[in-house]
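The values are calculated or read from the model by the stated rules, or taken from the named source; none is laboratory data. Remember, it's a predicted structure, so these values are computed and weren't measured experimentally. Counting neighbours? That spans all protein chains shown, and the Cβs are built from the backbone with ideal geometry, glycine included. Quick note on the areas: whole protein, heavy atoms, side chains included, nothing else; ligands and nucleic acids left out. Shrake-Rupley method; radii C 1.70, N 1.55, O 1.52, S 1.80 Å.
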Amino acid sequence: MKKILIPTDFSETAEYALKVAAQIARKNDAEIILLHMLELPHQGADAIGSGHNIPELMFFKNAAIKKLEDLMEEDYLEGLNISDVIQFEMAFDGIMKISEKNGVDLIVMGSHGASGFKEMFIGSNAEKVVRNSDVPVLIIKKDQPNFQVDDFVFASDFTDEIKKPFEKVVEFANRFNSTLHLVMINTPNNFKPTPVANDIMQKFAGDFKINKLETHIYNETNVEKGILNFADSIGADLIGMSTHGRKGLSHFFNGSISEDLVNHSSLPVLTFKI
């Protein structure tokens, strides 16, 4: 883990994400890329290229530069290798481009979550990044002065297509010396007897070198509720999920469970793209 991207809008939740990223960077001797996207009204090629808009653009850019400079002076960033980027682009597009261009290993984002009509019709940038990012995305909801992952829950149906992203799950768990809790959520519409579920998880985990491993079966009316309730029951520090995004969803992730968890979990959520 050498490069960590943190998009910031200078909000409180964005700073929560930066504080966590700083802790991860120290443990891994990683570089932080701090990104601020300038989303302007009527943004587009014409707006950016039009001469009469240049003073306005420079005003917003200079204000952003000052905020980034002030942010980078925070004590919790002292001694870290940090570069900053300001870009005129819609937030989601810019995050994806900067991530790919710089060979980022992890994106850390703050999120307020969403509910009701806002969740249905808008969708946060965090959700869009979770849905589309090819690199793991860590979503932070609240201040984590001591980001320690002792208990890491990973929920799945443990099919073969999960094995590739699961390599990164194992790497993350071992790096943080976490106990990795594999959990299969049994629902009325997708129920497996305990011996069958245990056999699936044991065979799946047998292909990986996991330092600390526990397997669990949890019964609930739906997958999202099962993950949240199970994580709460063991006092988990982090929830991990694999996601297909909007295309090719398997039966287990129907309804995009990862995006729902980003909205509804108070715990950090780490997603891995299949």
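Listing for the model above:
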read-out	value
Cut-off 13 Å, label 7 Å out along Cα→Cβ of residue 2, residues of the stretch 93-112 by amide N	102-106
Share antiparallel - DSSP beta bridges, the stretch 121-238, percent rounded to 5	5
Within the chain: Cβ-based charge dipole about Cα centre, in debye rounded to nearest 20 (Lys, Arg +1; Asp, Glu -1)	640
Trypsin sites (Lys or Arg not before Pro), loop per DSSP, at most 14 other Cβ atoms within 10 Å - longest free stretch of the chain	3-141
Cβ-Cβ FRET estimate between residue 190 and residue 232, R0 fixed at 25 Å, reported to 0.05	0.70
Whichever lysines have a C-alpha closer than 16 Å to that of residue 164, once near sequence neighbours (fewer than 8 apart) are set aside	203, 209, 273
Cα-projected label distance for residue 9 with residue 212, points at 7 Å along beta-carbon direction, nm	3.6
Gain upon complete extension [residue 167, residue 26; 0.36 nm per residue less C-alpha separation]	48.5 nm
For the chain, built as a Gaussian network whose Cα springs stay under 10 Å, the top-fluctuating residue of 94, 206, 235	206
Potential extension, residue 203-residue 58 segment - 0.36 nm per residue separation minus Cα distance	46.4 nm
Among beta bridges that DSSP assigns inside the chain, antiparallel share in %, nearest 5	10
Local net charge near residue 212, Cβ-Cβ under 15 Å (Lys/Arg +1, Asp/Glu -1)	-3
Sum of side-chain charges, residue 28 neighbourhood, beta-carbon under 12 Å (Lys, Arg +1; Asp, Glu -1)	+1
With every protein chain in place, the stretch 123-198: carbon and sulfur % of accessible area (1.4 Å)	46
Per residue solvent-accessible surface (Å²) - the chain, probe of 1.4 Å	48
Potential extension, residue 222-residue 73 segment - 0.36 nm per residue separation minus Cα distance	49.1 nm
Theoretical ellipticity at 222 nm over the chain - DSSP helices of four or more residues, -39500 (n - 2.57) apiece, nearest 500	-12000 deg cm²/dmol
